[in-house]
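Shown next, in structure tokens, is the structure this report addresses.
The values are calculated or read from the model by the stated rules, or taken from the named source; none is laboratory data. As the structure is a prediction and not an experimental result, all values here were calculated from the model. Cβ placement follows ideal geometry from the backbone for every residue including glycine, while neighbour counts extend to all protein chains displayed.
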Amino acid sequence: MDRPEYKIIEAMIVPNSTVLDLGCGEGDLLYMLERQKGIKGQGVEIDETAIYSCVAKGLNVFHDDLDNGLVDYTDKSFDYVIMNQTMQEVIDPHKVISEALRVGKRVIVGFPNFAYWKARFQLFFCGRAPVTPSLPHQWFDTPNLHFLSLADFRDYCKNQGITILQSAYLPDHFLVNLLPNLLAESAILMITRG
Amino acid sequence: MLRQEGKSPGSGVGIVKTKYFTFAEGNERFNLTLGGKLGPITVAYETYGELNEDKSNAILIVHALSGDAHAAGYHEGDKKPGWWDAMIGPGRAFDTNKFFVICSNVLGGCRGTTGPISLNPETQEPYGLNFPLITIRDMVRVQRHLLDHLGIKRLLSVAGGSMGGMQVLQWMVSYPTRLLSAIPIATTLRHTAQQIAFNEVGRQAIMADPYWKSGFYYGGYIPAKGLAVARMIGHITYMSEKSMEEKFGRQRKGNVSPFKFTADFEVENYLHYKGDKFVERFDANSYLYITKAMDLFDLTAGGKPIEEIFKKVEAKVLVIAFKSDWLYPIHQSKEIVRACKKAGLQTTFCEIYSEYGHDAFLLEVEEESHLISHFLNKVARENDIELSDLG
């Protein structure tokens, strides 16, 4: 499976670190990180079928709901907490992000940018909720409970005293870096508290 | 829900025989957790597969309340295989082409291991209620003696459901350095009031049977009715409302006329049948002692904080629970997972969708096999275990 954001996340992670992947799906990212970076990984996933795929890959995974919280983990118990394409799907993203920042030294979030120019175009000129490669669902069948732009997330970090350590955008093109809130389909940010 | 993995399940382990091992003989006595002493102790056990040269591929299977050492294969002349045959054998979850699988009857049992039905060497009569109270910890300590006898220093895994799961958790606590992994299924860190309550009703049914005679009934009539009723209560708790409804509904049996308190509903008939079958193979006093051991089980005893429970454990853990299991509900398995998390253990938890209730741990073979076989392979790989590989 060719997931360009996996390469970006892989590049952000230091070898032999500990990683908690919230909403790890079938575990492809964790499996790649275990193999390429020698990380010690733990996944959390709500879908039972996906759990079987994770176990087949030899991953440690909890069948659980992210909104249930990470209360059982002590502060900074992981080097990285990953929330790739999951933040917009949880009921209470603020709570989950805060908890992720508590248990992880660093948090990597990946999300679709609602202010991507194609999305803006569809909303502005067609008067329709946008359907783009990074937001591929219709309004009635989307797993996304929250829609946010890159600028929204930057504002959130500023208000919450969260530091953005690294930013990467897709598509991976130098022009996207000039106006990411307009040109990026999705964003991957590494953040930390303080 | 799962795709078949292309590997055929094979034809099982074939004909097997129960073996026996005796310890705590002569002046040597086995000290029990609650203060009693026992000796000699005989352990009935079976093994499947081959132990490798460095004795590192052994897996201990621990059974539930009514189980025994005969987990897989067939005894000569039997029509029914062991109680977890679908899970143990060549190409199965506990793959006997790779692993050496051991299962023993628990202390206090009535299927070959020393229990209340065994002869008390001091009186040359069956122990009856002179048998001392036992605990899950005692059962596990007896299993450790068996492993010492077999020369196995470290288990690749220990696995079991229900009361078997309690033994798995006790293994983690009692012998943290003697196991590489653990698979507790549909179980709990401690019995709750509801679980104790169901067991107590079962015990009271036995003790209310006039043939029970304060436990000294051997050689005469046995408290068959009481034991059958205890088993009937058990069976109700092992199924879900839905699985019972699907299996029996309000179906009636033949043309028996109702209201004469005969077993006219199919569900009644089923419970009677299960109760009567159980009496043929189980001892009422063993039922009392073993259910009491389950009720006494509490790894959080004395207000032990959850992060302390598995403090010394290094084993990798696979916790499995079933959605419709109301006897050992999901939240109890999640508590085990919490304890593992707090101890920093490498843990996997899966809640299998099933409508079979607590019985699911014996029935959801495909899902369990997938999880367990991949998990065991990973444990073997991580620890460079040389597998028998007779396949």
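Taking the residues in region A:65-94 that are of a type in the set (D, E) and more than 7 Å from chain B (Cβ to nearest Cβ) as candidates, determine which candidate is nearest to the chain's Cα centre (by Cα).
Step by step, filter region A:65-94, then rank; the result is A:E89.
Within region A:169-185, can one find any residue that is acidic (D, E), surrounded by fewer than 18 Cβ atoms within 10 Å (Cβ to Cβ) and part of a helix (DSSP H, G or I)?
Looking through region A:169-185, none of the residues is acidic (D, E), surrounded by fewer than 18 Cβ atoms within 10 Å (Cβ to Cβ) and part of a helix (DSSP H, G or I).
Taking region B:362-383 as the region of interest, how many residues are under 18 Å from B:I88 (Cβ atoms), assigned to a helix (DSSP H, G or I) and within 12 Å of chain A (Cβ to nearest Cβ)?
Residues flagged as under 18 Å from B:I88 (Cβ atoms), assigned to a helix (DSSP H, G or I) and within 12 Å of chain A (Cβ to nearest Cβ) within region B:362-383 amount to 14.
To keep it simple, each residue is scored yes or no on (1) within 27 Å of B:I372 (Cβ to Cβ); (2) buried (at least 23 other Cβ atoms within 10 Å of the Cβ); (3) in contact (Cβ under 8 Å) with a residue 12 or more places away in the chain.
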| site | (1), (2), (3) |
| --- | --- |
| B:P176 | yes, no, yes |
| B:A182 | yes, yes, yes |
| B:A193 | no, no, no |
| B:A208 | no, no, yes |
| B:Y218 | no, no, yes |
| B:I233 | no, no, yes |
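So for region B:225-234 (the condition being outside the structural domain of B:F361 (by TED's automatic domain parsing), in a loop (DSSP other than H, G, I, E, B) and among the small types (G, A, S)), does at least one residue qualify?
The answer is no; no qualifying residue exists.
Name the residue that is surrounded by the most Cβ atoms within 10 Å (Cβ to Cβ), counting only residues in region A:20-59 that are of a type in the set (V, I, T) and within 9 Å of chain B (Cβ to nearest Cβ).
The extreme case among them is A:I51.
Tally up the residues in region A:1-28 that are farther than 19 Å from A:Q166 by Cα and in a helix (DSSP H, G or I), please.
Qualifying residue count, region A:1-28: 1.
Rundown of residues vs (1) in contact with a Ser or Thr (Cβ under 7 Å, 6 or more places away or on another chain); (2) within 27 Å of B:E25 (Cα to Cα), yes/no style:
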residue	(1), (2)
B:V62	no, yes
B:P81	no, no
B:I102	yes, yes
B:N130	no, yes
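Checking B:F21 against (1) without any contact (Cβ under 8 Å) to a residue 40 or more places away in the chain; (2) not in a loop (DSSP other than H, G, I, E, B), only one condition comes out false. Which one?
Failing condition for B:F21: (1).
For a quick check of your reading of the model, give me the residue pairs whose first member lies in region B:244-263 and is farther than 19 Å from B:I233 by Cβ, whose second is of a type outside the set (A, V, I, L, M) and modelled with pLDDT under 70, with beta-carbon atoms closer than 9 Å and at least 6 apart or on different chains.
B:R252/B:P258
In region B:104-128, which residue that is in contact with a Ser or Thr (Cβ under 8 Å, 6 or more places away or on another chain) and aliphatic (A, V, I, L, M) is surrounded by the most Cβ atoms within 10 Å (Cβ to Cβ)?
B:V106
Can you pull out the residues in region A:102-128 that are small (G, A, S) and surrounded by fewer than 16 Cβ atoms within 10 Å (Cβ to Cβ)?
A:G127
Pick from region B:334-361 the residues that are of a type in the set (F, W, Y) and more than 7 Å from every other protein chain (Cβ to nearest Cβ): which of them is surrounded by the most Cβ atoms within 10 Å (Cβ to Cβ)?
B:F361
Exactly one condition in (1) polar (S, T, N, Q); (2) over 19 Å from A:L135 (Cβ atoms); (3) under 13 Å from the mean Cα position of the chain (by Cα) is not met by A:T163; state its number.
Just one mismatch for A:T163, condition (3).
Taking only pairs six or more apart or across chains, which ones have beta-carbon atoms under 6 Å, a first residue in region B:26-41 that is surrounded by 15 or more Cβ atoms within 10 Å (Cβ to Cβ), and a second residue that is polar (S, T, N, Q)?
B:T33/B:T135; B:P40/B:T22; B:I41/B:T114
Within region B:318-332, is even one residue within 14 Å of chain A (Cβ to nearest Cβ), more than 13 Å from B:L189 (Cβ to Cβ) and among the aromatic types (F, W, Y)?
Yes: one or more hits.
Report yes if some residue within region B:91-101 is within 27 Å of B:T135 (Cα to Cα), part of a loop (DSSP other than H, G, I, E, B) and in contact with a strand residue (DSSP E or B) (Cβ under 9 Å, 6 or more places away or on another chain); otherwise report no.
Among the residues of region B:91-101, not one is within 27 Å of B:T135 (Cα to Cα), part of a loop (DSSP other than H, G, I, E, B) and in contact with a strand residue (DSSP E or B) (Cβ under 9 Å, 6 or more places away or on another chain), which makes the answer no.
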